[in-house]
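One structure below.
The values are calculated or read from the model by the stated rules, or taken from the named source; none is laboratory data. Given the structure is predicted, the values throughout are model-derived calculations rather than measurements. FYI the Cβ positions are ideal-geometry reconstructions off the backbone, even for glycines, and counts take in every protein chain you see.
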Amino acid sequence: MHVLYVIQSKKDFTFYIGITPNMQNRLDMHNRGKVFSTKRKVPWELVYCEIYKSKTDAADREQKLKNHGTAWYKLKTRIKNSILVREQS
């Protein structure tokens, strides 16, 4: 199985989209600063995932979310109660 995942930084609330065959291990790597592209924004929280049997299907979905604003917008709208928001001062 392959997991498409969306994590969100608790530091600056940005998102990262990726795929992995082992979600728990990958999230641990992100939070230990072992992933170059996310190490400056630790800690991370899993906010969404999709499971695919095919790695190709997971990679296609990842690219669609990363490269098509409409797909990303629709997903964020669907998970609006799961994402972290900044507290208002």
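Does any residue in segment 28-42 that is without any contact (Cβ under 8 Å) to a residue 40 or more places away in the chain and surrounded by 13 or more Cβ atoms within 10 Å (Cβ to Cβ) come within less than 7 Å, Cβ to Cβ, of a residue that is polar (S, T, N, Q) and in a loop (DSSP other than H, G, I, E, B) six or more places away or on a different chain, and which pairs are these?
30/38; 41/14
Can you name every residue in segment 38-62 that is closer than 14 Å to residue 8 by Cβ and part of a loop (DSSP other than H, G, I, E, B)?
If the condition is that a residue be closer than 14 Å to residue 8 by Cβ and part of a loop (DSSP other than H, G, I, E, B), then 38, 42, 43 are the ones that fit.
If we scan segment 6-24, do we find a residue that is in contact (Cβ under 8 Å) with a residue 40 or more places away in the chain, crowded, with 18+ Cβ neighbours inside 10 Å and more than 11 Å from the chain's Cα centre (by Cα)?
No, there is no match, as no residue in segment 6-24 is in contact (Cβ under 8 Å) with a residue 40 or more places away in the chain, crowded, with 18+ Cβ neighbours inside 10 Å and more than 11 Å from the chain's Cα centre (by Cα).
Being among the basic types (Lys, Arg) and surrounded by 12 or more Cβ atoms within 10 Å (Cβ to Cβ) is the filter here; which residues of segment 43-65 pass it?
Correct list: 55, 61, 64.
Restricting the first residue to segment 65-89 and requiring it to be of a type in the set (Phe, Trp, Tyr), which pairs with a second residue that is modelled with pLDDT of 90 or more meet a Cβ separation below 6 Å and a spacing of at least six or different chains?
If the second residue must be modelled with pLDDT of 90 or more, the pairs left are 72/65.
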